[in-house]
Every structure is written in C-alpha cells, then in structure tokens.
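Structure first, commentary second.
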Amino acid sequence: MSAGLATPASAAPLLSVRDLRTSFRTDSGCARAVDGVSFSLRTGETVCIVGESGCGKTALALSLLRLLPPTATIAPGSSVEFEGRDLMALDASGWRAVRGARIGMVFQDAMTALDPVIRVGDQVAEVVRIHTPAIAPGAAWARAVDLLTLTGIPGPADRAHQYPHELSGGMRQRVMLAIALAMHPALLIADEPTTALDITVQAQILALLGELQRQLGMAILFITHDLGVAAALADRVIVMYAGEVVESAPAELFFAEPHHPYATGLLRALPDLSHPGDRLAVIPGAVPSATDWPRGCRFRERCAFAWSRCEAEHPPLYAISAGHESRCHLAAEPGRRVVTAASTA
Amino acid sequence: MAGLAVVVAVVVVALVAPLIAPYDAVAQLGIDTLKSRPPSLAHPFGTDPLSRDVLSRVLLGSRVSLAVAALSVLTATTLGTVYGAVAGYAGGRVDDLLMRGVDAALSIPRVLLLITVLALWGHVSAAVLIVVIGCTGWLSVSRLVRSEVLGLRSRDWVTAARALGATPARTLFRHILPNALSPVIVSATLGVANVILLEAGLSFLGLGVQPPEPSWGNVMQDGADQIRALWWMSVFPGLAILITVMAVNVVGDGLRAAADPRRRHVA
C-alpha cells in the first residue's frame, strides 16, 4: 500500500463502523439485532461494548467478521472500514486473509469453541499454517508451543499434545488467546471471554490480555456485560441497548459522570461492598423484543424519567461533551432529571 | 470382546487360507471315488458332487466373502460420507436437491436393482461385486452423515475455525467430519455384516461370485438341489456365515455403546 495516498496512521482510525445494521429472519418476524451502530477504534485502543443479554453485542461482533448464520443479513448501507479497507466489499478469499491474521477473535466459552478431537497444539499450529502456507509442520508446531508459552500455560510443550477436555477452563481460554494472537492481529475481538471462568481465573486472563496488548500493540474490542471488567480494561466505554449505542464516553468520564438513565441504572446495579446487606438496585423490566422495538426511545418503558417526548421522538445521539455522547432527550432538557429525582424522592 | 476375538480369528483364517487349506479348493480330487462324500477324517466337511473338499472351499470362500464385504462397505462409506457432508454443510437448496436425489434412489428396491444389474453384467468378478454393492449402499450413509454434519456445523468451534481464516473445505473435512466419525464407524461395521449376507444371497442365486471360485454363498448353492442327502454342503458354509455375521454385529453393537455416552454406564 502506498504511504503517500493513505492518511497518516495516527489520524485514521483502525476500525471504523458506520450505521451497521444486522437483522435475523425469525419465526416471529425480522429481528433487528444491530440497528444503526457507529463507532471507531484507534490502534492500540481498548473499547468495551457493554450491555445486557439480547442487546445485540454478540451479533455486532459476529457482523464485524461476517460470521453470522445464514438467517442473518447486513443492510446494504452498513459500512465497516478496517486498515483502510472496506470489509463489506470483501469476497470469501479476502475475508480469509483478514480473519485470524489481521483480526483475531476470542469466543465466550473456550470449552465449546475448541475442536474437541484435535490436540490444542495442532489447533494453534493450524492458524499459523493457514496464513503461512510455506511453513514446515515442525516449525508451525514450534510456533504453537511459543504462543502457548506467551499466554502463560504451564508446561506448554506437554500441554500442546493434550486435547481440550484435558485442560481447565482458564487454560482453554489461554489456548483460544494463543490462536487469536498467533498472527499478531491489529485488532482482537473478545466476546465475553471471561464470563465462563471463575473470578480469580478471570482476573488472571484480564491481566494477561492487558500485558499482551502492551507487548503486541493491538487494539481490543471487548464485549462484556460486566462493568467491573470494563472499568479495568477500557479506554472507551460504549453502552448498547436494544440494538443501538445509547452512550459512548472515555472510560474515566463514563464511570464519573454517566449520562443515559440505562447506564446510570447499570452502574447502580453493581453490588457495593461498602454497604453489605443493602438490596441490590435493579432496572425494572427486560429488554424489549428485537422483532418489535418500541416507538420513540427504546428504553422509555423502563425509565424513571420518561415523558411524552420520549414516546413521540426517537432520541438521536446527543453530544454531552467532547467524546461523550448519549441517546437521551435529557441531554436537551437537563432540568427534567432534577424535577423527576425530586418527585420520586 | 468375544465378538472382536471371533472377527479377528475369521480374518486371520481368511488371510492364511491357502496355507492351511488341506486341499486345492477348485481341484476335483477324484470324480468317481470322492464325490458327495459325508464328513470324514480326511474331509472333515465332506466333499461336493464334483469331488472337491468342502473345508478347503469354505476356507478359501471366506476370502471372497470378507473382501467383498469390507471393500464394498469402504466404497459405500466413502461415497456416502462425502455426499452427506457436502449436503449437510452447504445446506439450503444444495442440500434439498442432493437429499431429494437420495430419497428417490432409496425408493428403488436395492436387491432387485442388484439382481438386475448383475444379471445384465455377464461374468461377475469380486471387483464387480464390490463396485456394484458399494455404489448402491452409500445412500443411507449419506443420510446419517448429513444429519451429523447438520448438527455439528452450528457449533462454536466451527464458527471459531472460520474466524481463524479456514476455508469451507478445511472446516468441513478437518474439523466437522472427524467429529462425525464415530456413528459412521458403527454403521459401517453393521454394514459389513449386512453385505456378508447380501453377497452370500447373491452368490447363492448364481449372481455373485462365479464358480469354480468359491464363496460361502455359492458353496451352499452347489449342494442346494440335494439338501437332504448332502446336508454338510449347506450346514458348514451356513455356520461360517452365521458365526461371522453374529460376531461382526456384536462388535458393531459394542462400538455403538462405546460411542454413545448416554449408554456408557449401562454397558
């Protein structure tokens, strides 16, 4: 690629998603799981996508790599640019050169995401061999053992000969990481990689992820429902609700001054260890169905602040401050937050 | 385990049959003095109306029967696996088209088809028999493999294989098929037992292996018209078929139990 034509790497984002819309055909109609999502990611940056089950997080991750089931379609207006290339225009062989090489993916459950009948060393070596066809089998195996060492698996040379069911959950997730990182991707997509692990192993994996990111200089798109994990990792937090981005902010700003009532609700629902015995705050209700998003604001039925405007008008992403956006009419009428808070107190 | 021991013994006997057979299986030992003799010390299974030693013919016949069974099942399993895997993995219209073809082919009675084809063929060698039985036996294998692949293709590790840049062919043949193999092995084992019976039946009807080359089916046929007088002509090859088929079926059932985790504790 010519350096003269491309914009300087520091200015152009690594990944730029514009108006991504993914829908699934279901028996009860068309489910608009990802409904106009836009965000971007710079080299070396960590963005956490946060939201509860059913908000479209996983559909978003699968859309970025085109790993959707055949019932899914991505709307024509959607645009995903990665390293200056339009991913939506890639053909099958173009995708194979991106997947596993430039973008690595770590799945939620390492037990089910590793092939049960292939030794883990061979599974790591496979990605090396796919993307470097000329490599000798012995060299690919040696590389696999190096990668398992990198991800901190004890006794990697022996572990490489074992099958997934012989490894613990944490070790399997390390194998997944070794596979995802094998070709030094510019972007790592991690879809709830620690959800299936117990809390101490989760902390180890997150620390390892941060360490590897520093070593390899990659960007991470981290998908989670756990705000604690987001706080530990994120440079930027993006909150998704009902297929849309509802709030996007730099991490410190998000945790200090969350704006959207859904985001504040999520933060209040975290257990507070300084007041043990308190009832946990909850957000009433559940995410509406993706086949039939409510009119106006999609959060309005669960929102303490909702008023007539929220039903009449679908809120745009309001700019709150530099780099901080919120999809809530309170941004236009901030006085209402105080009034409602006073009347419910 | 007993079944496996019997199968191994039968295979070993078939392999060394020319060495342990007491006589030349196709030689007429004395058409005047030694025809249609009942079992004796010199001829434990008796002799046939052409004065050939029945023990030697049963021993040599095992080679044809087992080779035809093993190779035709291998042919059928290979064809059926590839066909079913492609149908299951491709899905959609390709799957519909391929599987309706199988449905149509399965509605043709296999034995009648075999009889017609073999009757039209003229001289039938073991190789012809393997091809014909193999090419009519893959249909049910393809159904089995298709349903396995259909169940496996939505697994996370299949998505993961695609996520690391694997081609569809690699995903299918390196990741999905090895995971679908155990029911295929079980069905192939049981298939061997079926084909031993099928080959015996066809040879008995004169459509299989042609005399003087012996197979279990045509040895029985040689004495069939005088079954009351020449009982040993039917009983000994019949016992060989019975024991072999039973042993193979026991092994097949054992494999099925081993492959099915829900039955592991029962077995």
Take the range A:19-64 and flag every residue that is over 12 Å from the mean Cα position of the chain (by Cα) and aromatic (Phe, Trp, Tyr).
A:PHE24
Could you check, for the range A:65-83, whether at least one of its residues is in contact (Cβ under 8 Å) with a residue 24 or more places away in the chain, within 25 Å of B:ARG93 (Cα to Cα) and within 13 Å of the chain's Cα centre (by Cα)?
yes
Given the conditions (1) within 14 Å of chain A (Cβ to nearest Cβ); (2) crowded, with 21+ Cβ neighbours inside 10 Å; (3) assigned to a helix (DSSP H, G or I), report the number of the one that B:GLY137 does not fulfil.
(1)
Name the residues in the range A:98-115 that are of a type outside the set (A, V, I, L, M), surrounded by 24 or more Cβ atoms within 10 Å (Cβ to Cβ) and not in a loop (DSSP other than H, G, I, E, B), would you?
A:ARG99, A:GLY104
Among the residues of the range A:60-83, what is the count of those that are surrounded by 14 or more Cβ atoms within 10 Å (Cβ to Cβ) and either at positive phi or within 12 Å of chain B (Cβ to nearest Cβ) (or both)?
8
Sort through B:ARG146, B:ARG110, B:ARG153 and tell me the only one that's charged (D, E, K, R), under 30 Å from A:MET111 (Cβ atoms), touching a residue at least 24 places away in the same chain (Cβ under 8 Å) and more than 14 Å from every other protein chain (Cβ to nearest Cβ).
B:ARG146
Residue within the range B:59-70 that is among the basic types (Lys, Arg), out of contact with any Asp or Glu (no Cβ under 9 Å at 6 or more places or on another chain) and at pLDDT 90 or above present
no
The lone condition A:LEU90 fails out of (1) surrounded by fewer than 20 Cβ atoms within 10 Å (Cβ to Cβ); (2) within 14 Å of another protein chain (Cβ to nearest Cβ); (3) touching a strand residue (DSSP E or B) at 6+ places or on another chain (Cβ under 8 Å); (4) of a type in the set (A, V, I, L, M, F, W, C) is (3)
Selection within the range B:132-160 - under 30 Å from B:GLU199 (Cβ atoms) and among the acidic types (Asp, Glu)
B:GLU148
Quick check on this structure: which one of A:ASP19, A:ASP27 is on the phi > 0 side of the Ramachandran plot and of a type in the set (D, E, K, R)?
A:ASP19
If we keep only residues of the range A:99-115 that are touching a Lys or Arg at 6+ places or on another chain (Cβ under 8 Å), touching a residue at least 24 places away in the same chain (Cβ under 8 Å) and at the interface with another protein chain (Cβ under 7 Å from one of its Cβ atoms), then the residue nearest to B:SER154 (Cα to Cα) is A:LEU114
Qualifying residues in the range A:151-209 (those that are outside any loop (DSSP other than H, G, I, E, B) and small (Gly, Ala, Ser)) - the one nearest to the other protein chains (Cβ to nearest Cβ):
A:ALA180
Outside any helix (DSSP H, G or I) and within 14 Å of another protein chain (Cβ to nearest Cβ): is that true of A:ILE118 in this structure?
yes
Does at least one position in the range A:37-59 carry a residue that is closer than 22 Å to B:ALA160 by Cα and either among the charged types (D, E, K, R) or within 9 Å of chain B (Cβ to nearest Cβ) (or both)?
yes
Any residue at all in the range A:127-134 that is surrounded by 18 or more Cβ atoms within 10 Å (Cβ to Cβ) and assigned to a loop (DSSP other than H, G, I, E, B)?
no
Subset of the range B:207-251, residues surrounded by fewer than 21 Cβ atoms within 10 Å (Cβ to Cβ), under 16 Å from the mean Cα position of the chain (by Cα) and of a type in the set (Gly, Ala, Ser), comes to B:ALA247
All conditions in (1) out of contact with any helix residue (DSSP H, G or I) (no Cβ under 7 Å at 6 or more places or on another chain); (2) more than 12 Å from every other protein chain (Cβ to nearest Cβ); (3) free of Cβ contacts under 8 Å to residues at least 60 places away in the same chain are true of A:ILE135 except (1)
Pick from the range B:157-184 the residues that are under 18 Å from B:GLY91 (Cβ atoms) and of a type in the set (D, E, K, R): which of them is farthest from the other protein chains (Cβ to nearest Cβ)?
B:ARG170
Taking the criterion of being basic (Lys, Arg) and not in a loop (DSSP other than H, G, I, E, B), would at least one residue in the range B:58-65 satisfy it?
yes
Scan the range B:10-19 and tell me whether some residue there is in contact (Cβ under 8 Å) with a residue 60 or more places away in the chain, buried (at least 17 other Cβ atoms within 10 Å of the Cβ) and part of a helix (DSSP H, G or I).
yes
Consider the range A:210-227. How many of its residues are in a helix (DSSP H, G or I) and in contact with a strand residue (DSSP E or B) (Cβ under 7 Å, 6 or more places away or on another chain)?
2
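The values are calculated or read from the model by the stated rules, or taken from the named source; none is laboratory data. Given the structure is predicted, the values throughout are model-derived calculations rather than measurements. FYI the Cβ positions are ideal-geometry reconstructions off the backbone, even for glycines, and counts take in every protein chain you see.
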